[in-house]
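Any read-out appearing in this document is the output of simple, stated calculations on the displayed coordinates, not a laboratory observation. Predicted model, so just to flag it, every value in this text is computed and none were measured. Every residue, glycine as well, gets a Cβ built from its backbone with ideal geometry; the counts of neighbours run over all protein chains shown.
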Amino acid sequence: MNVILVGPPGAGKGTQAERLQKTYGLKHLSTGDMLRAEVAAGSQIGRQAKAIMDRGELVPDEILIRMIGERIGQPDAAKGFLLDGFPRTVAQAQALDTMLAGRKQKLDHVIQLVVNNDAMVERISGRFSCKKCGAGYHDSFKKTKKPGVCNVCGSTEFVRRPDDKPETVRTRLEAYDKQTAPLLPYYRARGVLREVEGMAAIDEVTAKLGKVLGAA
């Protein structure tokens with residue numbers, strides 16, 4: 001079973017992908033992680049990608065698709081794969097479909113985690129973490145038990161990611177909507193697009209994803 005999770009930054013794709021990987025034996029693939037692994041290994045793809053990234057350029061779709069094709073051919077992806085964060089454009093989606101067809105494979109589900117942008121701004125911009133141990137918290141949803149004190153290590157120093165500022169988050173969401181919007185009708189026309197409410201509790205989202213995948 002081959003699945004793609006679609007959703008903006010902070011929608012919970014990574015969390016859900018890890019859960020689905022354990023439940024269904026799918027290999028969770030992140031193109032960013034895969035690129036870093038190829039560069040670290042000094043593979044042909046890694047050397048090509050590093051040279052391009054060192055010039056400050058984006059890695060071409062052809063290299064990304066070739067990298068995914070090689071990765072899904074490995075034994076740990078025998079039961080299928082789970083992609084999140086890719087494809088980002090219709091051209092990438094078409095190239096992925098062509099590559100899979102050449103391997104006599106196909107996508108079974110493309111699942112969109114549907115979220116509310118205003119709520120997402122609150123969800124993401126409220127995040128902070130302990131500077132010492134890295135424990136994560138949230139202004140509204142996961143406060144420290146004692147104000148200003150980390151539950152785990154007792155530190156009183158906390159940090160927030162620069163790109164979690166409300167105005168930055170909104171810009172990222174708008175860019176995502178503009179870039180990814182064309183993907184949805186593409187996959188809907190192919191009959192593989194499903195929608196799941198992404199603003200629900202984590203366990204509820206997991207259960208809804210399970211219902212979709214259970215129908216495969």
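For the range 83-134, the equivalent ellipsoid built from the Cα gyration tensor has semi-axes of 35, 15, 10 Å, listed from largest to smallest.
In plain terms, if you count all Cα to Cα distances in the range 105-191 and split them into 10 Å steps from zero, the share in each step is 15, 33, 24, 19, 8, 1 percent. The alpha carbons of the chain occupy a box of 57, 42, 34 Å along the principal axes, longest dimension given first. Note on the chain: antiparallel DSSP beta bridges, both residues inside, total approximately 30 percent of the bridges counted. Shape summary of the range 1-114, radius of gyration then Dmax from alpha carbon positions: 13.9, 40 Å.
What distance in nm separates the two pseudo spin-label positions at residue 118 and residue 58, each 7 Å out from Cα along the beta-carbon direction? Modelled inter-label distance: 3.1 nm. May I ask which of 143/208; 50/104; 142/165; 13/50 have a Cα-Cα span longer than 23 Å here? Over 23 Å apart, Cα to Cα: 143/208; 50/104; 13/50. In percent, rounded to a whole number, the relative contact order of the chain is 27, using alpha-carbon pairs under 8 Å and six or more apart.
What you get for the range 68-216, charging only the Cβ of Lys and Arg (+1) and of Asp and Glu (-1), is a dipole of about 280 debye around the Cα centre.
With respect to the chain, whose longest principal axis is taken over its alpha-carbon atoms, helix 166-180 is tilted by about 20°.
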